[in-house]
Amino acid sequence: MASQTEENYLKALYHLSSEQAEVSISALSAVLGISKPTANSMIKNLKDQGLVYYEKYKPLLLTDTGKKASALIVRKHRLTEMFLVEKMGFGWEEVHEIAEQVEHVKVPAFFDRMDELLGYPTEDPHGSPIPDKEGNISKQRYKRLSDCEMGAHVKLAALKQSSKEFLAFLDDRGLNLGADLFVEAVEPFDGSIVVLYNDKRESFSLKVSEKLMIEEV
Ligand SMILES: [Zn+2]
């Protein structure tokens with residue numbers, strides 16, 4: 001089982017490989033704020049565990065096992081941030097530091113329960129994907145209602161935010177997941193959108209329509 005330091009290396013590699021085609025030891029040591037020799041010996045250690053491919057002068061690569069292990073740390077981090085905001089009322093500026101610690105908890109049931117309480121989100125409220133339990137990122141990324149044009153016929157598939165207040169707001173307007181939406185008009189001035197659904201006509205502000213995730217029907 002990877003130590004906390006190893007997990008931080010894996011996570012750094014995961015982020016670097018999503019941004020850069022080739023990840024070097026220098027890039028890794030810069031991100032982690034450590035010396036190259038330190039990074040080098042840790043990489044050897046991860047290589048011995050089958051988590052990375054590494055040969056001198058070649059870029060660093062995560063193996064499939066390494067990819068899954070690192071995606072699962074990112075999953076724990078993003079679920080924790082989401083949970084702290086949505087269920088515990090923390091501000092966004094406060095949650096990263098807490099998640100940096102919680103992501104190392106090694107009790108899968110703890111995160112499964114968090115996932116369940118949050119309604120199995122596939123994105124955190126920033127729109128960053130939350131990897132699933134296998135470490136995969138859902139290919140099906142929903143569009144936002146705010147990206148739809150006049151005449152679009154779509155279905156409400158997910159919410160970008162599930163705060164109590166937002167749910168109550170939607171409830172008051174009789175809007176539920178799975179509802180068929182027809183975009184009647186989009187106001188170019190402020191981006192508000194007029195939508196027909198369940199025999200209703202409502203106008204939603206941009207603030208609201210950005211949080212409604214839809215799929216085409
Ligand atoms: Zn964070």
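Output the relative contact order of the chain, whole-number percent, from Cα pairs under 8 angstrom with separation of 6+ residues.
Working: 304 pairs, mean separation 33.0, N = 217.
Reported relative contact order: 15 percent.
What order do Ile98, Ile130 take when sorted by accessible area (1.4 Å probe), most exposed first?
Final ranking, largest accessible area leading: Ile98, Ile130.
What ratio of Cα Rg to 2.2 N^0.38 Å holds for the stretch 143-216?
Working: Rg = 11.0 Å, N = 74, 2.2 N^0.38 = 11.3 Å.
Taking N as the residue count of the stretch 143-216, the ratio is 0.97.
Considering only protein heavy atoms and a 1.4 Å probe, what is the carbon-and-sulfur percentage of the accessible area of the stretch 143-216? It would help to have the intermediate numbers written out before the result.
Details: 2110 of 4260 Å².
Looking at the stretch 143-216 in its full context, I get 50 percent from C and S.
Counting only protein heavy atoms and a 1.4 Å probe, tell me what percentage of the stretch 4-62's accessible area is made up of carbon and sulfur. Can you show the working numbers first?
Numbers: 1810 of 3450 Å².
C and S fraction of accessible area: 52 percent.
Give me the accessible area of Arg144, 1.4 Å probe, in Å² rounded to the nearest 10.
We get 80 Å² for Arg144.
Principal axis extents for the chain, Cα atoms only, whole Å, descending order, please.
65, 33, 28
At 222 nm, what helix-only mean residue ellipticity would the chain give, in deg cm²/dmol to the nearest 500, using -39500 (n - 2.57) for each DSSP H run of four or more?
-13500 deg cm²/dmol
Treat every Asp and Glu Cβ in the chain as -1 and every Lys and Arg Cβ as +1, leave all other atoms uncharged, and give the resulting dipole magnitude about the Cα centre to the nearest 20 debye.
820
On average, how much accessible surface per residue is there in the chain, in Å², for a 1.4 Å probe, leaving out ligands, DNA and RNA?
57
The values are calculated or read from the model by the stated rules, or taken from the named source; none is laboratory data. Just so it is clear, the structure is predicted and the values come from calculations on it, not from any experiment. Because the Cβ atoms are built from the backbone with ideal geometry, glycine has one as well, and the counts that use them run over all protein chains shown. We work out accessible area using only protein heavy atoms, side chains counted, and drop any ligands, DNA or RNA first. Shrake-Rupley method; radii C 1.70, N 1.55, O 1.52, S 1.80 Å.
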